[in-house]
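Heads up, the thing below is written out as structure tokens.
The values are calculated or read from the model by the stated rules, or taken from the named source; none is laboratory data. Bear in mind that the values here come from a model prediction, so they are computed numbers and not experimental data. Here the Cβ positions follow ideal geometry from the backbone for every residue, glycine too, while neighbour counts run over all protein chains shown.
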């Protein structure tokens, strides 16, 4: 059986990517959504999301089931304000990016669209004009081939009537041994000695690089260890989605049909297992 991304909803627990089948109903009376502070949001996201990182948050909302925090949505400011203004022209503070959307695997499938709808209502009260979001369907593996990220097409975004704007710009990423991406921004900080370069360089050190010597310049140190520690990942670009929160505000860009299913690393793994199981015994 071919497992398609649009037939499952992604969940997280302690950095592991998990999935629930599409269409599972929830009982809304069991849930509540409310703003939470940055400390609580960051603790939850870093504990459960595969990246263990936290974006530049502007709004944080928690999904509570029977009073227990079971999901967090982070609406953030991207590294470049043009990510927002290219879709919602004007003041970049009038729109937000969905930076993290993390639900535990105990939350049934329809919980995510219900949660996201409540978040949009709360953002309207803050006079936010629009939201953009990205989904990444490029699988990640560790250096030894273990799948760490299956990828997702943005099922919840399609279910929430988003405008699909196609893919972002394709690029070559650098993949760490654990399957995480060393972001282009981190690489730039190290190369140019910008604020935060120490934290960025520590990522490479934690992955096996030797700390930079006092007499070694950053560019040569980066060039040496980037090749040794990381692998190139040809990335097709993330899927882009947008929602207007105001009737008179329309996202800028061409609307495309929602993306179709693609084969992922998980599909390939299952296909190999099926082939092996179907081989006749000798």
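Taken as a whole, the condition of being assigned to a helix (DSSP H, G or I) and surrounded by fewer than 19 Cβ atoms within 10 Å (Cβ to Cβ) does not apply to residue 112.
Do the conditions hold for residue 138, that is, is it touching a strand residue (DSSP E or B) at 6+ places or on another chain (Cβ under 6 Å), surrounded by 15 or more Cβ atoms within 10 Å (Cβ to Cβ) and assigned to a loop (DSSP other than H, G, I, E, B)? Yes, satisfied.
Among strands (runs of 3 or more DSSP E) entirely within region 16-85, having at least 2 residues that are in the same structural domain as residue 111 (by TED's automatic domain parsing) and within 17 Å of the chain's Cα centre (by Cα) singles out 16-21, 57-65, 68-76. So, in region 144-158, of the ones that are assigned to a loop (DSSP other than H, G, I, E, B) and in contact with a strand residue (DSSP E or B) (Cβ under 7 Å, 6 or more places away or on another chain), which residue ends up surrounded by the most Cβ atoms within 10 Å (Cβ to Cβ)? Here the residue is 154.
On inspection, residue 237 fails the criterion of being closer than 27 Å to residue 93 by Cβ and free of Cβ contacts under 8 Å to residues at least 40 places away in the same chain.
Select from region 48-79 the residues that are surrounded by 13 or more Cβ atoms within 10 Å (Cβ to Cβ) and modelled with pLDDT under 90 and list them in ascending order.
If the condition is that a residue be surrounded by 13 or more Cβ atoms within 10 Å (Cβ to Cβ) and modelled with pLDDT under 90, then 48, 49, 50, 51, 53, 54, 55, 79 are the ones that fit.
Applying the criterion of at least 3 residues that are surrounded by fewer than 17 Cβ atoms within 10 Å (Cβ to Cβ) and in contact with a strand residue (DSSP E or B) (Cβ under 9 Å, 6 or more places away or on another chain) to the strands (runs of 3 or more DSSP E) found wholly in region 159-261 leaves 231-235. Taken as a whole, the condition of being under 24 Å from residue 57 (Cβ atoms), part of a strand (DSSP E or B) and touching a residue at least 60 places away in the same chain (Cβ under 8 Å) applies to residue 131.
Can you go through 129, 125, 82, 118 and tell me which one is at pLDDT 90 or above, touching a strand residue (DSSP E or B) at 6+ places or on another chain (Cβ under 6 Å) and surrounded by fewer than 20 Cβ atoms within 10 Å (Cβ to Cβ)? After ruling out the rest, the residue left standing is 118.
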